[in-house]
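Inspection log for the structure reproduced underneath, given as structure tokens.
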Amino acid sequence: MVNQRTFSLGEARIGFRGRIAALDANRAGPGLEPAELERRLIELGFVEGATVELLHQGLFGRDPIAVRVAEGTIALRRREAMAIMVEAGAETEVPA
Amino acid sequence: MNASVELAPLVALVGNPNCGKTALFNALTGSRQKVANYPGVTVEKKTGRLTTPGGHAIQLLDLPGTYSLRARSPDEEITRDSVLGKLAGETAPDLIVCVADSSNLRLSLRLALELKQVGRPIVLALNMIDISRKRGIEIDAERLSRELGVPVVTSVAVRRGGTDALLAEIDRALVRMPAVATANWHAPSAGELRGSQSEADQLLRTCVRGLGRPDGGTARADAVLLHPVGGLLILLAILFVMFQAVFAWARPAMDAIAAGFALLGGLVDDGSLPDLLRSFLKDGLIAGVGSVLVFLPQILILFFFILVLEDLGYMARAAFLMDRIMGGAGLHGRAFIPLLSSFACAIPGIMATRVIDDKRDRLTTILVAPLMTCSARIPVYTLIISAFIPDREVAGFLGLQGLVMFGLYAVGIGGALGVSFIIKRIMRDSPGAPFMLELPNYKIPQARSIAVGLWTRATIFLERAGTTILSMMILIWVLASFPRPPVGATDPAINYSLAAIIGKAMEPLTLPLGFNWQINVALIPGMAAREVAVGALGTIYAIDGGEGASDKIGQVLAGQWSLATALALLAWYVFAPQCASTLAVIRRETGSWKWMAVTFFYMLALAYAAALATYQIACTLGAG
């Protein structure tokens, strides 16, 4: 499921829309234990299949970022967002 | 043996942050609420009493917001332990009300699924249903209730009758009182979390229509408020207004309180009372209570802004905008507002650190907040600067006196950033708590909720900080008043007191700083409030004209002290833990004497080092 078209949300540009392909907490920068980071991301709604859109970013180092995940908006640093693997193109996504 | 256990059924409100839980709590209990601290932790325990329409007297518990029972912060641990009935001395709730923001159900439903596993009776309240209806979101509550297997009601905290359905359901649940199932909750693994989230997503698909459209108002507002440059400028403008308000709007009220207490002090000063009693009432009790109450206007104004911005949903945005900037010094984005408030007074600043949810980030902020130059330092700075720093211009246009003042502020800020950087190095084995928070949709703050919040803050400050601060004030009065001067003494009374004895005993320690014993003595009543040191110097040097004659004091000091001593005293004042009230509030907010002591001693060490370096360097340069 992780193919060529997937990349880290931490590297995405502002305006990016897509879908979460996988979580890979080992990719995040130093900080939380990968297993703990993964659980926290899930608790904030970052699960496989959820639509994401990068709405806003900070002035310095384009960090942190504000991401729309399904119906909610979450702010996080790019360092942690590196753990979220996304694929582009989710224009058609609307929950039935 | 449990005779003291509350007999009223305990109903706990649990929900995500920003789900409107506190507004619902305020609507249900009004001002009949009590805020205490859980033993040993800084987490607030908010309880309230109410009688339901069905005649049940219940105890309502507002638990800290959380996304999961898998606790990640002290607040969330309280929520977990309280729900599971594991808190010492507390019973498990008889009923859990899971509060969900109707327009943002996804994460709430996952939490509800997790709460079901606890095995206690549970009701799901679809809160803020008015907002979700307005946005065209239709929730099939009956079907949701059937599929989720728990009663589901709708609620609106801010409208009359908006909580009727919830209260009726609480009544039904309390009558039913089903046998408590065995709890089989355990900290979910990543796989289990995924599973419950996909179950929640499935519920959303079957029971809710009209999702997927973001809130238009929030999107438009964020386009401006979260703009990388524009957003920061707006934040600065908001902060400027806030800062201005805390300084300027509070002034008339503070002056009125100070004048009121001066008047009260004057009443006991009519000579009909014995000297000692009169001094205790006037200088100890009345001045002590006055010095606490005088902070109240600043605290109320500051918390008014904080509550409005928080309810509006802006606080999370401010943290977002400032995170990177604060992060450079090892501080969390949310530390920004408390530190800024500390320029007015460290007390409201330290109380405002409650917005920081990570325990260590909060502690770091509390520890450095007293280094920000508060308004009580200004009278001391002004006195010394105008007496010792020549009023001339440097580089053709900059006033030297203003420059020194600015420098003192800058040293304070630099000190705070430096200390937080060092604390980060010492306290953290990891690069720190991640910055991850939900940016809620904007909501219009409700006057009633703000009023209840302000009332709660004011009571906490007066009841608890008040008692500690007052007892310190009385201690300081005792030091400055005993033993009494011998009959026929010519020097001011304070020169015979314990404060003077301590001041003289300290002299060998403070001589390297250029402080004579008179300065040491003045610093002791200065512990009550920094600016009191000005009046105390006047008393010690027995200057006529009383405490108001600060020009005269300046002239006398200029004749008595060297420039090096004056500069060293300024350096001392930048860092010294010269404020008993701040220490008392640190004790209260951290719930520990340890952190109060840590603050006291690290600031003392910094102050000593700074004054020592200043004095020695100034002497070497010929200013001794």
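The values are calculated or read from the model by the stated rules, or taken from the named source; none is laboratory data. A quick note: this is a predicted structure, and the numbers were derived from the prediction, not measured. Cβ atoms come from the backbone with ideal geometry, glycine included; neighbour counts cover every protein chain shown. Keep in mind that these areas ignore ligands, DNA and RNA; they rest on the heavy atoms of the full protein, side chains included. Shrake-Rupley method; radii C 1.70, N 1.55, O 1.52, S 1.80 Å.
Some points to look at:
- Net dipole in debye of the protein assembly as shown [+1 Lys, Arg Cβ; -1 Asp, Glu Cβ; about Cα centre; nearest 20]: 700
- Between B:Arg143 and B:Ala258, the modelled label-to-label distance comes to 6.6 nm, taking each label 7 Å out from Cα in the direction of the beta carbon.
- Across A:Thr73, B:Thr467, B:Thr620, the residue with the most accessible area heads the list, and the full order at a 1.4 Å probe is B:Thr620, B:Thr467, A:Thr73.
- Calculated [222 nm] ellipticity per residue, helices only, for the protein assembly as shown: -15500 deg cm²/dmol; basis is -39500 (n - 2.57) per DSSP H run with n ≥ 4, divided by all residues, nearest 500.
- If the chain linking B:Phe482 and B:Glu393 were pulled fully straight, counting 0.36 nm for each residue of separation and taking away their Cα-Cα distance, it would gain 27.4 nm.
- The stretch B:85-206: C-alpha gyration tensor shape, a/c 1.5 cut-off, then a/b vs b/c: oblate
- Of all aspartates and glutamates in the structure, the ones whose alpha carbon falls short of 19 Å from that of B:Lys443, not counting any fewer than 8 places away in one chain, are A:Glu71, B:Asp101, B:Asp130, B:Asp215, B:Asp222, B:Glu310, B:Asp311.
- With the simple spin-label model, which puts each label point 7 Å out from Cα in the Cβ direction, the B:Ala609 to B:Asp491 separation comes to 3.4 nm.
- With the charge dipole of chain B set up from +1 on Lys and Arg Cβ and -1 on Asp and Glu Cβ about the Cα centre, the Cα lying farthest toward the positive end among the listed residues B:Thr22, B:Pro252, B:Gly161 is that of B:Gly161.
- FRET efficiency, A:Glu36 to B:Leu621 (Cβ-Cβ, R0 56 Å, nearest 0.05): 0.55
- Derived from the Cα gyration tensor, the three semi-axes of the equivalent ellipsoid of chain B are 53, 27, 21 Å, largest first.
- Counted charge near B:Phe305, where neighbours are those whose Cβ lies closer than 13 Å (Asp, Glu -1; Lys, Arg +1): -1
- Span-like helix ranges in chain B, DSSP H, alpha carbon extent 27 angstrom or more, Kyte mean at least -1.0: B:400-427, B:593-620
- Neighbour cut-off at most 12 other Cβ (10 Å), DSSP loop, trypsin sites (Lys or Arg not before Pro), the stretch B:370-457: B:Arg392
- Listed residue (B:Pro274, B:Pro379, B:Ser198) projecting farthest to the positive dipole end of chain B, Cβ model: B:Ser198
- Rolling a 1.4 angstrom probe over the protein assembly as shown with all protein chains present gives an accessible area of which 61% lies on carbon and sulfur atoms.
- When chains A and B come together, the accessible area they lose, probed at 1.4 Å and totalled over both chains, is close to 3600 Å².
- Cβ-based charge dipole, the stretch A:6-88, positive-most Cα from A:Ala75, A:Phe7, A:Phe60: A:Phe60
- A Förster distance of 41 Å, applied to the separation of the beta-carbon atoms of B:Ala458 and B:Arg176, puts the FRET efficiency at 0.55.
- Cross-link pairs exceeding 29 Å in C-alpha to C-alpha distance, out of B:Lys34/B:Lys359; B:Lys21/B:Lys424; B:Lys34/B:Lys134; B:Lys45/B:Lys116; B:Lys45/B:Lys282; B:Lys46/B:Lys116, comprise B:Lys21/B:Lys424; B:Lys34/B:Lys134; B:Lys45/B:Lys282.
- Computed magnitude of the charge dipole of the stretch A:6-88 (debye, nearest 20; Cβ of K, R +1, Cβ of D, E -1): 300
- A simple spin-label model places the labels of B:Met427 and B:Leu509 2.6 nm from each other, with each point 7 Å out along Cα-to-Cβ.
- Separation of alpha-carbon centers, the stretch A:11-40 and the stretch B:238-275, rounded to whole Å: 54
- What the Cβ-Cβ distance of B:Glu44 and A:Arg19 gives, at R0 = 51 Å and to the nearest 0.05, is a FRET efficiency of 0.80.
- Multiplying the residue separation of B:Leu312 and B:Asn184 by 0.36 nm and subtracting their alpha-carbon distance yields 42.3 nm.
- Counting charges near B:Leu28 (Lys, Arg +1; Asp, Glu -1) among other residues having Cβ under 15 Å from its Cβ returns a value of +4.
- Normalised per residue, the accessible area of the protein assembly as shown is 42 Å², obtained with a 1.4 Å probe and no contribution from ligands, DNA or RNA.
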